[in-house]
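*Asks:* Below you'll find the structure I mean.
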Amino acid sequence: MKSEHFIEGLVSESIKLVAETPPLFPDRTQAGKQLAEILAQDTYTDPVIVAIPKGGVPVALPIQDRLKAPLYLFFAAKIPFSSDRRFGIGAMTTVGPYLNDELIDLFGSDDERIKSGLEYASEVIKRNMAELDQISPLPDLEGKTAILVDDGISTGYTALAAATSLKSLHAQRIIVASPVANTSSLSRLLSKGFEHVVVHQSDSPGFIVDNFYRAFPDLSPLEVRDMLVA
(Lines give C-alpha, C1' and ligand atoms only; values in the text may rest on other atoms or scores of the structure.)
Protein backbone atom coordinates (compact mmCIF):
# COMPACT_ATOMS: atom_id res chain seq x y z
CA MET A 1 0.00 0.00 0.00
CA LYS A 2 1.31 3.46 -0.92
CA SER A 3 1.53 5.98 1.90
CA GLU A 4 -0.53 9.15 2.15
CA HIS A 5 2.72 11.10 1.71
CA PHE A 6 3.48 9.25 -1.54
CA ILE A 7 -0.02 9.90 -2.89
CA GLU A 8 0.10 13.58 -1.95
CA GLY A 9 3.45 13.82 -3.75
CA LEU A 10 1.89 12.49 -6.96
CA VAL A 11 -0.97 14.95 -6.61
CA SER A 12 1.48 17.83 -6.14
CA GLU A 13 3.48 16.81 -9.22
CA SER A 14 0.30 16.57 -11.29
CA ILE A 15 -0.65 20.10 -10.31
CA LYS A 16 2.78 21.39 -11.30
CA LEU A 17 2.55 19.74 -14.72
CA VAL A 18 -0.42 21.89 -15.73
CA ALA A 19 0.23 25.00 -13.68
CA GLU A 20 1.04 26.97 -16.83
CA THR A 21 -1.94 25.72 -18.85
CA PRO A 22 -3.79 28.75 -20.24
CA PRO A 23 -7.54 28.62 -19.46
CA LEU A 24 -9.76 27.65 -22.37
CA PHE A 25 -13.06 28.85 -20.92
CA PRO A 26 -14.00 32.03 -19.02
CA ASP A 27 -16.38 30.05 -16.79
CA ARG A 28 -18.73 27.07 -16.75
CA THR A 29 -21.61 28.92 -18.43
CA GLN A 30 -19.53 29.96 -21.43
CA ALA A 31 -18.10 26.46 -21.67
CA GLY A 32 -21.66 25.11 -21.65
CA LYS A 33 -22.60 27.36 -24.56
CA GLN A 34 -19.74 25.97 -26.64
CA LEU A 35 -20.69 22.43 -25.71
CA ALA A 36 -24.34 23.11 -26.56
CA GLU A 37 -23.46 24.13 -30.10
CA ILE A 38 -21.62 20.86 -30.68
CA LEU A 39 -24.44 18.80 -29.22
CA ALA A 40 -26.98 20.65 -31.39
CA GLN A 41 -25.36 19.17 -34.51
CA ASP A 42 -26.87 15.76 -33.69
CA THR A 43 -30.49 14.62 -33.33
CA TYR A 44 -31.84 12.80 -30.29
CA THR A 45 -34.89 10.70 -29.48
CA ASP A 46 -36.77 12.22 -26.54
CA PRO A 47 -33.67 13.83 -24.97
CA VAL A 48 -33.28 14.70 -21.30
CA ILE A 49 -30.37 16.66 -19.87
CA VAL A 50 -28.93 15.05 -16.75
CA ALA A 51 -26.54 17.30 -14.81
CA ILE A 52 -24.17 16.20 -12.07
CA PRO A 53 -24.38 18.85 -9.35
CA LYS A 54 -22.99 21.10 -8.46
CA GLY A 55 -20.52 22.05 -11.21
CA GLY A 56 -22.46 20.36 -13.99
CA VAL A 57 -25.50 22.60 -13.55
CA PRO A 58 -24.15 25.88 -15.05
CA VAL A 59 -22.72 23.84 -17.94
CA ALA A 60 -26.04 22.07 -18.51
CA LEU A 61 -28.30 25.14 -18.50
CA PRO A 62 -27.15 26.49 -21.92
CA ILE A 63 -27.54 22.95 -23.30
CA GLN A 64 -31.09 22.79 -21.97
CA ASP A 65 -31.85 26.12 -23.61
CA ARG A 66 -30.26 25.14 -26.94
CA LEU A 67 -31.84 21.69 -27.20
CA LYS A 68 -35.19 22.67 -25.61
CA ALA A 69 -35.00 19.56 -23.42
CA PRO A 70 -35.90 19.08 -19.75
CA LEU A 71 -33.12 19.22 -17.15
CA TYR A 72 -32.77 16.88 -14.19
CA LEU A 73 -30.10 16.26 -11.57
CA PHE A 74 -28.25 13.03 -10.92
CA PHE A 75 -26.14 12.89 -7.78
CA ALA A 76 -22.61 11.51 -7.82
CA ALA A 77 -19.44 12.06 -5.82
CA LYS A 78 -15.80 11.05 -6.04
CA ILE A 79 -14.55 8.42 -3.62
CA PRO A 80 -11.37 10.08 -2.33
CA PHE A 81 -8.18 8.17 -1.61
CA SER A 82 -6.20 11.13 -0.24
CA SER A 83 -6.81 14.39 1.57
CA ASP A 84 -7.07 16.20 -1.79
CA ARG A 85 -10.74 15.58 -2.60
CA ARG A 86 -10.30 16.35 -6.32
CA PHE A 87 -8.68 12.96 -6.85
CA GLY A 88 -10.67 9.77 -6.39
CA ILE A 89 -10.39 6.02 -6.36
CA GLY A 90 -13.79 5.74 -8.01
CA ALA A 91 -17.20 7.33 -7.66
CA MET A 92 -20.48 6.84 -5.85
CA THR A 93 -23.98 7.46 -7.17
CA THR A 94 -27.40 6.95 -5.67
CA VAL A 95 -27.37 3.54 -7.36
CA GLY A 96 -24.05 2.46 -5.84
CA PRO A 97 -20.23 2.70 -6.07
CA TYR A 98 -17.96 2.25 -9.07
CA LEU A 99 -14.34 1.64 -8.03
CA ASN A 100 -11.20 2.35 -10.06
CA ASP A 101 -9.50 -1.05 -9.94
CA GLU A 102 -6.45 0.32 -11.77
CA LEU A 103 -5.73 2.82 -8.99
CA ILE A 104 -6.45 0.26 -6.30
CA ASP A 105 -3.87 -2.04 -7.90
CA LEU A 106 -1.40 0.84 -8.17
CA PHE A 107 -1.71 2.15 -4.63
CA GLY A 108 -2.53 -1.12 -2.93
CA SER A 109 -5.78 -2.32 -1.42
CA ASP A 110 -6.38 -0.47 1.83
CA ASP A 111 -9.79 -1.53 3.12
CA GLU A 112 -9.94 1.21 5.73
CA ARG A 113 -9.06 3.95 3.23
CA ILE A 114 -11.61 2.62 0.73
CA LYS A 115 -14.25 2.36 3.45
CA SER A 116 -13.51 5.91 4.56
CA GLY A 117 -13.76 7.14 0.96
CA LEU A 118 -17.08 5.36 0.42
CA GLU A 119 -18.49 6.88 3.59
CA TYR A 120 -17.31 10.34 2.58
CA ALA A 121 -18.84 10.07 -0.91
CA SER A 122 -22.13 8.78 0.50
CA GLU A 123 -22.31 11.71 2.91
CA VAL A 124 -21.62 14.20 0.09
CA ILE A 125 -24.48 12.73 -1.95
CA LYS A 126 -26.87 12.72 1.01
CA ARG A 127 -26.01 16.32 1.84
CA ASN A 128 -26.39 17.51 -1.76
CA MET A 129 -29.71 15.70 -2.14
CA ALA A 130 -31.01 17.21 1.09
CA GLU A 131 -29.90 20.70 0.09
CA LEU A 132 -31.50 20.39 -3.35
CA ASP A 133 -34.55 18.38 -2.28
CA GLN A 134 -37.05 20.50 -4.22
CA ILE A 135 -35.52 19.56 -7.57
CA SER A 136 -37.55 17.13 -9.70
CA PRO A 137 -36.31 13.51 -9.60
CA LEU A 138 -35.31 11.68 -12.75
CA PRO A 139 -38.24 10.51 -14.89
CA ASP A 140 -38.58 7.07 -16.39
CA LEU A 141 -35.67 6.97 -18.87
CA GLU A 142 -36.86 4.05 -20.98
CA GLY A 143 -36.74 5.04 -24.65
CA LYS A 144 -35.05 8.37 -23.90
CA THR A 145 -31.64 9.83 -24.74
CA ALA A 146 -29.85 10.83 -21.55
CA ILE A 147 -27.23 13.55 -22.05
CA LEU A 148 -25.08 13.39 -18.93
CA VAL A 149 -23.33 16.70 -18.24
CA ASP A 150 -20.44 17.62 -15.94
CA ASP A 151 -17.89 20.45 -15.95
CA GLY A 152 -14.93 18.16 -16.63
CA ILE A 153 -13.86 14.53 -16.93
CA SER A 154 -10.55 13.79 -15.21
CA THR A 155 -10.16 10.11 -14.27
CA GLY A 156 -13.59 9.55 -15.78
CA TYR A 157 -14.92 7.42 -12.96
CA THR A 158 -17.58 9.89 -11.84
CA ALA A 159 -18.89 10.02 -15.41
CA LEU A 160 -18.56 6.24 -15.76
CA ALA A 161 -20.39 5.58 -12.49
CA ALA A 162 -23.19 7.97 -13.44
CA ALA A 163 -23.48 6.65 -17.00
CA THR A 164 -23.56 3.05 -15.75
CA SER A 165 -26.30 4.01 -13.31
CA LEU A 166 -28.33 5.67 -16.08
CA LYS A 167 -27.94 2.52 -18.16
CA SER A 168 -29.42 0.52 -15.28
CA LEU A 169 -32.38 2.94 -15.42
CA HIS A 170 -32.98 1.82 -19.04
CA ALA A 171 -31.99 4.93 -20.98
CA GLN A 172 -31.99 4.05 -24.69
CA ARG A 173 -28.92 6.15 -25.45
CA ILE A 174 -26.40 7.74 -23.10
CA ILE A 175 -24.10 10.57 -24.13
CA VAL A 176 -21.47 11.86 -21.70
CA ALA A 177 -20.97 15.57 -22.42
CA SER A 178 -18.31 17.84 -20.94
CA PRO A 179 -16.38 20.95 -22.00
CA VAL A 180 -13.05 19.27 -21.25
CA ALA A 181 -11.91 15.70 -20.72
CA ASN A 182 -8.86 13.53 -20.31
CA THR A 183 -8.22 11.49 -23.47
CA SER A 184 -7.62 8.21 -21.66
CA SER A 185 -10.86 8.65 -19.72
CA LEU A 186 -12.78 9.10 -22.96
CA SER A 187 -11.27 5.86 -24.22
CA ARG A 188 -12.44 4.15 -21.05
CA LEU A 189 -15.98 5.45 -21.58
CA LEU A 190 -15.99 4.24 -25.17
CA SER A 191 -14.74 0.81 -24.09
CA LYS A 192 -17.80 0.55 -21.85
CA GLY A 193 -20.13 1.46 -24.71
CA PHE A 194 -20.83 5.11 -23.83
CA GLU A 195 -20.77 7.94 -26.36
CA HIS A 196 -19.14 11.23 -25.51
CA VAL A 197 -19.16 14.83 -26.73
CA VAL A 198 -16.46 17.25 -25.58
CA VAL A 199 -15.16 20.65 -26.63
CA HIS A 200 -11.54 19.91 -25.78
CA GLN A 201 -9.61 16.81 -24.77
CA SER A 202 -6.10 16.57 -23.36
CA ASP A 203 -3.66 13.72 -22.80
CA SER A 204 -1.67 15.66 -20.19
CA PRO A 205 -0.52 13.36 -17.36
CA GLY A 206 -1.29 16.18 -14.93
CA PHE A 207 -4.86 16.77 -16.11
CA ILE A 208 -6.85 18.91 -13.65
CA VAL A 209 -10.26 20.30 -14.64
CA ASP A 210 -9.82 23.59 -12.73
CA ASN A 211 -6.93 24.68 -14.93
CA PHE A 212 -9.07 24.89 -18.06
CA TYR A 213 -11.33 27.58 -16.55
CA ARG A 214 -10.47 31.18 -15.76
CA ALA A 215 -13.18 31.22 -13.08
CA PHE A 216 -14.00 27.92 -11.38
CA PRO A 217 -15.65 28.76 -8.04
CA ASP A 218 -17.15 26.30 -5.61
CA LEU A 219 -20.93 26.57 -5.88
CA SER A 220 -23.25 26.67 -2.91
CA PRO A 221 -26.62 24.88 -2.95
CA LEU A 222 -28.34 28.28 -2.91
CA GLU A 223 -26.44 29.37 -6.03
CA VAL A 224 -27.39 26.14 -7.81
CA ARG A 225 -31.04 26.51 -6.82
CA ASP A 226 -31.05 30.12 -8.05
CA MET A 227 -29.65 28.98 -11.40
CA LEU A 228 -32.32 26.33 -11.78
CA VAL A 229 -35.25 28.65 -11.05
CA ALA A 230 -33.95 31.66 -12.99
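The values are calculated or read from the model by the stated rules, or taken from the named source; none is laboratory data. None of the values given here were measured: they were computed from a predicted structure. Methodologically, a virtual Cβ is constructed for each residue, glycine included, from the backbone with ideal geometry; neighbour enumeration extends over all protein chains shown.
*Asks:* Look through the range 29-61, keep the residues that are among the hydroxyl-bearing types (S, T, Y) and without any contact (Cβ under 8 Å) to a residue 60 or more places away in the chain, and return whichever of them is nearest to E142 (Cα to Cα). Break it down stepwise before answering.
*Replies:* Looking only at the range 29-61, we keep the residues that are among the hydroxyl-bearing types (S, T, Y), and these are 29, 43-45.
Filter once more, so that each one left must be without any contact (Cβ under 8 Å) to a residue 60 or more places away in the chain: 29, 43.
Values: T29: 29, T43: 17 Å.
Among those that are among the hydroxyl-bearing types (S, T, Y) and without any contact (Cβ under 8 Å) to a residue 60 or more places away in the chain, it is T43.
*Asks:* Only one residue in S202, S185 is crowded, with 21+ Cβ neighbours inside 10 Å and among the hydroxyl-bearing types (S, T, Y), so which one is that?
*Replies:* Values: S202 fails: crowded, with 21+ Cβ neighbours inside 10 Å.
Exactly one residue qualifies, and that residue is S185.
*Asks:* In the set S122, S165, which member is of a type outside the set (A, V, I, L, M, F, W, C) and in contact (Cβ under 8 Å) with a residue 60 or more places away in the chain?
*Replies:* Working: S122 fails: in contact (Cβ under 8 Å) with a residue 60 or more places away in the chain.
It is S165.
*Asks:* Okay, next question. Give the range 173-219 a look and list any residue that's out of contact with any Gly (no Cβ under 8 Å at 6 or more places or on another chain) and basic (K, R), or say none.
*Replies:* Selection gives R173, K192, R214.
*Asks:* Residue check: is P53 closer than 16 Å to S165 by Cα, touching a helix residue (DSSP H, G or I) at 6+ places or on another chain (Cβ under 8 Å) and either modelled with pLDDT under 85 or not polar (S, T, N, Q) (or both)?
*Replies:* Yes: the conditions hold for P53.
*Asks:* Now for a different question. Report, by residue number, each residue of the range 139-159 that is modelled with pLDDT under 90 and in contact with a Leu (Cβ under 7 Å, 6 or more places away or on another chain).
*Replies:* Within the range 139-159, just G156 meets the criteria.
*Asks:* Hey, could you check the range 90-112 for residues that are at pLDDT 80 or above and surrounded by 19 or more Cβ atoms within 10 Å (Cβ to Cβ) and say which is nearest to A51 (Cα to Cα)?
*Replies:* Going through the qualifying residues, I end up with T93.
*Asks:* Out of V176, V209, I need the residue that is modelled with pLDDT of 95 or more and either at negative phi or not hydroxyl-bearing (S, T, Y) (or both). Which one? Break it down stepwise before answering.
*Replies:* Details: V209 fails: modelled with pLDDT of 95 or more.
Every option except V176 fails the conditions.
A quick yes/no check of all residues on (1) buried (at least 17 other Cβ atoms within 10 Å of the Cβ); (2) under 28 Å from F81 (Cα atoms):
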position: S122; (1), (2): no, yes
position: E131; (1), (2): no, yes
position: S136; (1), (2): no, no
position: G143; (1), (2): no, no
position: I153; (1), (2): yes, yes
position: G156; (1), (2): yes, yes
position: A159; (1), (2): yes, yes
position: Q172; (1), (2): no, no
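Yes or no, residue by residue, for (1) among the basic types (K, R); (2) farther than 22 Å from D65 by Cβ; (3) touching a strand residue (DSSP E or B) at 6+ places or on another chain (Cβ under 9 Å):
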site	(1), (2), (3)
I125	no, yes, yes
V149	no, no, yes
A159	no, yes, yes
A163	no, yes, yes
V197	no, no, yes
Q201	no, yes, yes
G206	no, yes, no
S220	no, yes, no
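*Asks:* Do you know which of the residues in the range 1-45 that are modelled with pLDDT of 75 or more, among the acidic types (D, E) and loosely packed, with under 15 Cβ neighbours inside 10 Å is farthest from K144 (Cα to Cα)?
*Replies:* Out of the qualifying residues, it is E37.
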